[in-house]
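Chemist: Handing you a structure now.
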Amino acid sequence: MKIAIIGQQDFGKAVLEAFLARGDEVAGVFVAPDKEGARPDPLKVAAQEKGLKVFQFPSYRKPEAQNALRELNVDLGVMAYVLLFAPQEFVGIPRLGTIQYHPSLLPKHRGPSSINWPIMQGAQRTGLTIFRPTDGLDEGPVILQKTCDIGPDDTLGDVYFNSLFPMGVAAMVEAADLVYAGKHTETVQDESQATYEGWCRAAESRIDWARPVGQIYDLIRGCNPAPGAWTTIGGKKLYLYDARKVVFGRFADVVGKSGEISAIGETSIKITASGGQIEVTRLRHEDGKKMDAVEFVRSAGLTVGAVLGS
């Protein structure tokens with residue numbers, strides 16, 4: 001089939017390569033404009049290396065973007081990780097319309113941080129959806145869905161790179177084939193089941209040490225590697241990454257108060273929370289790079305009893 005790829009970053013690159021490997025014709029690639037000082041987008045680089053037409057419009061609402069897609073005369077538009085809004089005037093141009101990838105089981109977790117939130121909320125399952133983009137946010141009819149488990153210790157990185165990324169690339173190809181063959185179905189999303197969460201950023205990723213230890217652990221997992229769950233020490237941010245949960249079996253097992261460094265071992269530190277401890281092995285101070293937790297507390301002169309987040 002003849003397609004246009006609309007996307008960015010490594011996921012967009014992987015989708016491009018998957019279609020090219022099958023012998024499909026990619027008539028053009030639409031990528032978000034370069035950001036000043038940032039490294040070139042991997043999708044853009046891959047497309048240029050393959051001699052493909054690359055378009056970088058600041059908006060898909062503009063006539064020039066729509067005319068560029070129209071002139072390609074493609075069968076299908078394939079949206080692989082797109083942050084720019086694409087109106088119906090744009091996505092409806094290809095002969096068979098456009099399909100879009102979203103890393104959640106729509107209508108659950110509409111929005112831009114849809115991988116973070118299920119983990120942060122303690123869900124045991126998530127998935128991906130290939131759907132028809134509409135002018136509503138992730139509201140279009142569903143063509144295809146795939147599910148995956150969220151293990152009790154899985155991080156954002158685990159879920160994305162081990163499941164949603166490779167599954168998503170394969171699902172985009174599968175959905176494109178169904179649409180091209182006229183064998184697909186389009187299921188309207190059940191609005192009564194819809195949820196929406198915004199970006200997971202600094203305000204959402206701050207650790208409240210008074211919360212139950214399980215909720216804090218889910219927050220850390222859901223923000224690892226980005227944006228990083230954080231607390232403070234000495235008025236500066238301290239991001240926690242690799243960690244595990246320790247649950248107190250009895251009240252007599254409680255050590256320290258919430259937010260207190262209650263143990264410093266050879267390879268980890270333990271921070272007390274309601275009902276247990278967070279055992280941290282890797283972290284990052286806002287002034288530095290990721291490092292071993294024990295190395296950090298020793299270099300910072302921290303001892304058992306130091307309180308975080310105050």
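Chemist: Carbon-plus-sulfur fraction of the accessible area of region 255-310, 1.4 Å probe, in percent?
Modeler: Carbon with sulfur: 46 percent of the solvent-accessible area.
Chemist: Taking chymotrypsin sites (Phe, Trp or Tyr not before Pro) as exposed when DSSP calls them loop (any state but H, G, I, E, B) and at most 16 other Cβ atoms lie within 10 Å, what is the longest stretch of the chain free of them, the sites themselves excluded?
Modeler: Between exposed loop sites, the widest span is 86-198.
Chemist: Counting only DSSP beta bridges with both residues in region 1-157, tell me the antiparallel percent, nearest 5.
Modeler: About 40 percent, rounded to the nearest 5.
Chemist: Over the alpha-carbon set of region 78-190, work out the extent along each principal axis and list the three values in angstrom, largest first.
Modeler: Principal extents (Cα only, largest first): 44, 25, 24 Å.
Chemist: Would you please give the FRET efficiency between residue 199 and residue 253, computed as 1/(1 + (r/R0)^6) with r the Cβ-Cβ distance and R0 = 41 Å, to the nearest 0.05?
Modeler: That gives a FRET efficiency of 0.65.
Chemist: Taking the chain as a Gaussian network, where each spring joins two C-alpha atoms under 10 Å apart, which residue of 182, 127, 92 fluctuates the most?
Modeler: Answer for the Gaussian network model of the chain: 182.
Chemist: I've got another one for you. Residue farthest toward the positive end of the dipole of region 116-205, with Cβ of Lys/Arg at +1 and Asp/Glu at -1: which of 155, 200, 120?
Modeler: 155
Chemist: If you average over every viewing direction, what projected area does the convex hull of the Cα atoms of region 243-310 give, in nm²?
Modeler: 4.6 nm²
Chemist: OK, next. For region 224-278, what is the per residue volume of the convex hull drawn over the alpha-carbon atoms, in cubic angstrom?
Modeler: In region 224-278, the Cα convex hull volume per residue is 94 Å³.
Chemist: Sticking with this one: Across 5 Å bins from the origin, how do the percents of Cα pairs in region 53-142 run, short distances first?
Modeler: 3, 14, 23, 22, 15, 11, 7, 4, 2, 0
Chemist: Using the Kirkwood formula on the Cα atoms of region 41-83, what hydrodynamic radius do you get, in angstrom to one decimal?
Modeler: 11.7 Å
Chemist: Separate question: Go ahead and set up a Gaussian network model of the chain, Cα springs under 10 Å, then flag whichever of 106, 219, 238 fluctuates most.
Modeler: 238
Chemist: Considering only protein heavy atoms, what is the solvent-accessible area of residue 62 at a probe of 1.4 Å, reported in Å² to the nearest 10?
Modeler: Result for residue 62: roughly 100 Å² accessible.
Chemist: Given the chain, what percent of its DSSP beta bridges are antiparallel, to the nearest 5?
Modeler: 65 percent
Chemist: Here's another thing I want to ask about it. Report the Cα-based extents of the chain along its three principal axes, largest first, to the nearest Å.
Modeler: Sorted from largest, the Cα extents of the chain read 69, 43, 32 Å.
The values are calculated or read from the model by the stated rules, or taken from the named source; none is laboratory data. Everything numeric in this text was worked out from a predicted model, so none of it was measured. Positions of Cβ are backbone-derived with ideal geometry, glycine not excepted, and every protein chain shown enters the neighbour counts. For the accessible areas, the whole protein counts, side chains as well, though only heavy atoms, and no ligand, DNA or RNA atoms are used. Shrake-Rupley method; radii C 1.70, N 1.55, O 1.52, S 1.80 Å.
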